[in-house]
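One structure is given here, and the rest of the page talks about it.
The values are calculated or read from the model by the stated rules, or taken from the named source; none is laboratory data. Predicted, not measured: the structure shown is a model, and the values here were computed from it. Virtual Cβ from ideal backbone geometry, glycine too; neighbours counted across all protein chains shown.
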Amino acid sequence: MVSAVRFLAFQAIEKIMDAPGVGDWDEGVHLEGPDQALFHDIVQGTLRNWRFLEKCVKSHCTRPPKRNMTYVLYTSAYQIIFYDRVPEYAVFAEAKKVAQRIGFSPDEERFLSAVLKRIAENKSNYRDVHEKTLERLRLGGEFQDGDLDILNVSDDLLNLLKKGPKGSFKTVVQCLVQMKKIPAVVGIELPSVTGDKPFEDTVLKKDSAIAPLLSEYRGSSVDGSIFRVQSETSQFSCNLFAKEIKSAFQKGTKKIRILDVAAGKGGKLFGTLLHLYGDANNLGPLEWVATDRSERQLRMLRSEWENAKKNWAVAFDKLEIKSVVHDWKQPFSSDESFDFIWLDAPCTGFGTLAKHPEIALLRGSQPQVAVKELAELQKEMLKQSVEHLKKSGRYFYSVCTLSEAETVGQRDYLEKLLARKSVETRSEWVFWPGSEPAPLSEGFYLTVL
Ligand SMILES: C[S@@+](CC[C@H](N)C(=O)[O-])C[C@H]1O[C@@H](n2cnc3c(N)ncnc32)[C@H](O)[C@@H]1O
C-alpha cells in the first residue's frame, strides 16, 4: 500500500508539471487517513521545495535526468531531506518500486539509487542550509545568492510581487517565507449543516483577527461532506459582504438582488450564507444569481445547495439561488440590474502559493505573461458586468493574488467605468501572509466601490 502512495505521488507530480490545468491533481485518488496525508504531503512538500531539490539533485548528476526520473528523484529527495519519521532505507526501497512500476532500465535504477545515496549522505547539510536560510530571511537578514531557490520562486516573480499593492522587497520576502511555512488547508465549518461534530478531531477552532467563524482543518479528506474549504481572507470578504446585505435591509431595501459573476463552486456564496445565518430571519427576499463559464462548477454549487437546503431552507426561506452558465467575455443577455455585484475573479493566484506551490513553478516562471493575460480577462469581466449594477449598487472585486495590474490596476479601471470619485466611496483591503492583521492568511485583495 505504501508503495502505491509513492507511485500516486509521482503520478500527481507528473500531472501537475507535464499537463498543468488538466484538473485537480488528487482527483480520483482515494486513500485512507495516514496514506492520504502522506500522499498530500509528499506532493505539496516536493512542489514547495522544488527549486531547492533541483539544486541538491543536480549537484550529483553529470547530465540532466529525464523528466520522469526527475520526479522520482525529487519526491524521494524530499522525503530523505525533510522527513524524520521515514527511514532512508524505506525511501530507497519505495523509490525502487516506483522505478520498476514506471519501467526504468537497470541502468536507470542504478543511477536513481546512486543519486539518492548521495542525497542521504548530505542530508543534514541540506536541511541546515534550508532552515538557516528561512530563519535569516524571517529575521530580515540580508538577501543572498541562492535564497530564491529556498523561497521557491523566480527572480521575475519576486520582482513582480514587489510592485504589488503595499509591496516592498522586505514584505515580499517575509510573505514568501511565511507561505513556505503555512501548514494546513484552512476551511470553514457550516455548523447547521454538518451536525454537532462535523469533523470531530480534525477541526481546530482558531482565533482570527479578520474571520470570526474561522476553524482550521487538518483532516485528510472532506469527501461527501458539506465542508467548504475557504481561506481566512475569503471568509473575511464573506463576512463583509454579509454585513453589507444586512445593512441594506436595515436601511429599508425591500428586495436584494446579487450577481455573483464568477461563482465557481459557490465558496463565497456559502461563506456569505454562513455569516448571514444567525440573522436569516430578519432578512427580506434575497435573489442570488450565480454565473460562471463552467457548467461543472455550477453543477457542484447546485448540488451543494440541494444538500444545504435540507437544514437551511427554513432559515433562508426568502432566498432564491439561480445559476446561469455565462462567459463574461460576452455581454450578458439580460437587462437585469443588481444591488450588489461580486467579481471574485480568475487570477494568477500568487497569494496562494502555500496551498498551490505549483503556481510558483508554472505560472510563476513567466509571471508577467500570466498577469497580462488574466488582467485582460478581468477587465473584460468588469466591463461587461458593471453594466448590470444599479446606480446606487455596490461592486465587490476580489482576487487571491498580489500583482499590481490585477489589484489596484483593476480598482482604477472599475472606478473609471463607474465614473465614481474614488477616495470617498472606496474601501480596500490588502492581506500579505506574514504580516498583520492576518499573518497566516493567503495573499488577498478586496475592493468595494
Ligand atoms: C476565483 S474562481 C471563483 C471562486 C468562487 N467565487 C468561489 O468562491 O468558490 C474564478 C472563477 O472564474 C470562472 N471564470 C473564468 N473565466 C470566466 C469567464 N470568462 N466567464 C465567466 N467565468 C469565468 C472560473 O470558472 C472560476 O470558477
- Message: For segment 26-53: of the residues being among the hydrophobic types (A, V, I, L, M, F, W, C) and touching a residue at least 40 places away in the same chain (Cβ under 8 Å), which is surrounded by the fewest Cβ atoms within 10 Å (Cβ to Cβ)?
- Response: A37
- Message: Checking the condition within 16 Å of the ligand (Cβ to nearest atom), more than 25 Å from R363 (Cα to Cα) and among the polar types (S, T, N, Q), which residue from S385, S403 passes?
- Response: S385
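Could you tell me whether E142 is in a helix (DSSP H, G or I), of a type outside the set (K, R), outside the structural domain of P439 (by TED's automatic domain parsing) and free of Cβ contacts under 8 Å to residues at least 12 places away in the same chain? Walk me through how you get there before you give the answer.
Numbers: in a helix (DSSP H, G or I): no; of a type outside the set (K, R): yes; outside the structural domain of P439 (by TED's automatic domain parsing): yes; free of Cβ contacts under 8 Å to residues at least 12 places away in the same chain: yes.
So E142 fails the test.
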- Item | Filter result (within 13 Å of the ligand (Cβ to nearest atom) and without any contact (Cβ under 8 Å) to a residue 40 or more places away in the chain) within segment 285-297 | W288, A290, D292, R293, S294, E295, R296, Q297
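Can you name every residue in segment 355-370 that is within 16 Å of the ligand (Cβ to nearest atom) and either free of Cβ contacts under 8 Å to residues at least 40 places away in the same chain or surrounded by 21 or more Cβ atoms within 10 Å (Cβ to Cβ) (or both)? Reasoning before the result, please.
Initially, segment 355-370 is screened for residues within 16 Å of the ligand (Cβ to nearest atom), giving 355-356, 359, 363, 370.
Those that are within 16 Å of the ligand (Cβ to nearest atom) and either free of Cβ contacts under 8 Å to residues at least 40 places away in the same chain or surrounded by 21 or more Cβ atoms within 10 Å (Cβ to Cβ) (or both): H356, I359, R363, A370.
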- Message: I want to confirm something. Restricting to segment 255-284 and keeping residues that are assigned to a loop (DSSP other than H, G, I, E, B), of a type outside the set (K, R) and within 13 Å of the ligand (Cβ to nearest atom), which single residue is surrounded by the fewest Cβ atoms within 10 Å (Cβ to Cβ)?
- Response: G264
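Could you tell me whether any residue of segment 311-318 is among the aliphatic types (A, V, I, L, M) and either crowded, with 21+ Cβ neighbours inside 10 Å or within 14 Å of the ligand (Cβ to nearest atom) (or both)? First the steps, then the outcome.
To start, the set of residues in segment 311-318 that are among the aliphatic types (A, V, I, L, M) comprises 313-315.
Next, only the ones that are either crowded, with 21+ Cβ neighbours inside 10 Å or within 14 Å of the ligand (Cβ to nearest atom) (or both) stay: none.
Among the residues of segment 311-318, not one is among the aliphatic types (A, V, I, L, M) and either crowded, with 21+ Cβ neighbours inside 10 Å or within 14 Å of the ligand (Cβ to nearest atom) (or both), which makes the answer no.
Out of curiosity, is E244 assigned by TED's automatic domain parsing to the domain that holds P433, closer than 26 Å to T401 by Cβ, in contact with a strand residue (DSSP E or B) (Cβ under 8 Å, 6 or more places away or on another chain) and at pLDDT below 95?
Working: assigned by TED's automatic domain parsing to the domain that holds P433: yes; closer than 26 Å to T401 by Cβ: yes; in contact with a strand residue (DSSP E or B) (Cβ under 8 Å, 6 or more places away or on another chain): yes; at pLDDT below 95: no.
When the stated conditions are applied, E244 does not pass them.
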- Message: Just the residues that are loosely packed, with under 11 Cβ neighbours inside 10 Å and among the aliphatic types (A, V, I, L, M), please, taken from segment 126-145.
- Response: L139
- Task: For A19, state whether it is of a type in the set (A, V, I, L, M, F, W, C), surrounded by fewer than 19 Cβ atoms within 10 Å (Cβ to Cβ) and either under 25 Å from the mean Cα position of the chain (by Cα) or under 17 Å from Q100 (Cα atoms) (or both).
- Result: yes
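Quick one: is A354 under 20 Å from the mean Cα position of the chain (by Cα) and aliphatic (A, V, I, L, M)? Quick ask: steps written out before the conclusion?
Values: under 20 Å from the mean Cα position of the chain (by Cα): yes; aliphatic (A, V, I, L, M): yes.
Judged against the criteria, A354 is a match.
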